[in-house]
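Inspection log for the structure reproduced underneath, given as structure tokens.
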Amino acid sequence: MRSLSLVLFTLAAIAASWAKDSRRTRHALLISYHSFRALMPNLLGMVGLIGLILAVVPPQTLSQLFSIHGPLGYFVTAAIGVIITIPAPIAYPLAGSLLKMGVSLATLATFITTLTMVGTVTAPMEINYFGKRFTLVRQGLSLALAIAAGAFMGVLLP
Amino acid sequence: MINGLKRCWLVAAVAIVNVGLMLSGSSLGVVSFQQASTFLWEVLQILPPVTILMGLFDVWVPRPLVEQNIGKNSGLRGILFAILLGTAAAGPIYAAFPVALSLLRKGARMANIGIFLGAWATIKLPMIIMESTFIGLRFAILRLAITLPGVIGVGILLERLVPLATLPPSKQAALHSLTQHDYAE
């Protein structure tokens, strides 16, 4: 539904732009085409990798990994968050069930933050746009932030 | 040719693993392929429209507008603007990359690009509501209170650690070629 409105909005934007200046619109579409074509290899790689991870690590195995407690559990959870990137509508119910399983709030804070900000599987795409150094620095700093968020939560919400 | 192969190494590696799994009689190869197709369909609904919108953005939005609001001398206002832009949009982080690149090419400050990406990823109103329903309001607010300054810090450090010259050469070229075609100036 949301993606349909995105497509409709885009079509309307192209039409409006075309009505105003067709040459400029053609140029815009050419820019878009080139940047999308350049992205294709890494995009397909990312998609394939996520398919593979979802197949090899089914959700049941994932929840077993989360049942490890203590510091080791914290690192395992953070590592899972670093590797995978899942959409928020799936991430929050998952986090909610983890809470019921007895996962600590500190661990959850790190998990959610790494889940959304750090993504090893989206890294090839990020590199495609911004280069290796940008990607490495941004994801590294975000990981540090996620760990700090977990530590703060551990102290403030025992 | 070699360049083309190098660019496709990840797809090739995944394909080889999948075929290997299928040949070994495991169903995992098929499952992996199905999961990938579902995800690809999702990506294809989002990324091409975003890419087209960014192409239109490139030719229509005047550079001074971006420079003024989130450029080098935009200061606190730029930071607020970057956060607002990031939180207003909905969508996965990979949809934010083309937007961020377009902003950067129009003269946005690198720190604000980092802040924009961080805000897009982790600070969202609907997400805060979901977070408080599934985990707790105190948790959601506290995490926001920590990540908000954190995201700003990440952006500022990013600017210090990543010079523009380390961006991919093709994107750097685009940085220059775009100013020639910048109709809106």
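Nothing in this text is a laboratory measurement; each read-out follows from the coordinates by a stated rule. Bear in mind that the values here come from a model prediction, so they are computed numbers and not experimental data. Using ideal geometry, Cβ is built from the backbone for each residue, glycine included, and neighbour counts are taken over all protein chains shown.
Mean-square fluctuations from a GNM of chain B, with a 10 angstrom spring cutoff on Cα atoms, peak among B:Glu42, B:Glu159, B:Glu67 at B:Glu42. The rule of thumb for compact globular proteins, 2.2 N^0.38 Å, goes into the C-alpha radius of gyration of the stretch B:1-45 1.35 times. Taking the C-alpha atoms only, the angle from helix B:125-134 to the longest principal axis of chain B is near 60 degrees. Within the stretch A:91-116, list the residues whose amide N lies under 11 Å from a label point set 7 Å along Cα→Cβ of A:His69. Residues passing the 11 Å test: A:102-104. Springs join every pair of Cα atoms under 10 Å in this Gaussian network model of chain B, and among B:Val11, B:Val31, B:Val151 the largest mean-square fluctuation is at B:Val11. Principal-axis analysis of the Cα atoms of chain B puts helix B:9-23 at an angle of about 30° to the longest axis.
Relative to the longest principal axis of the Cα atoms of chain B, helix B:28-60 runs at roughly 30 degrees. Taken residue by residue and averaged, Cβ atoms of other chains lying within 10 Å of the Cβ of B:122-130 number 3.
Result for chain B in a Gaussian network model with C-alpha springs under 10 Å: among B:Leu157, B:Leu167, B:Leu85, the largest mean-square fluctuation is at B:Leu167. Note that the stretch A:120-127 has calculated 3J(HN,Hα) couplings of 5, 6, 8, 4, x, 5, 5, 4 Hz, one per residue in order, obtained from phi through the Karplus relation 6.51 cos²θ - 1.76 cosθ + 1.60 (θ = phi - 60°); glycine and proline are x.
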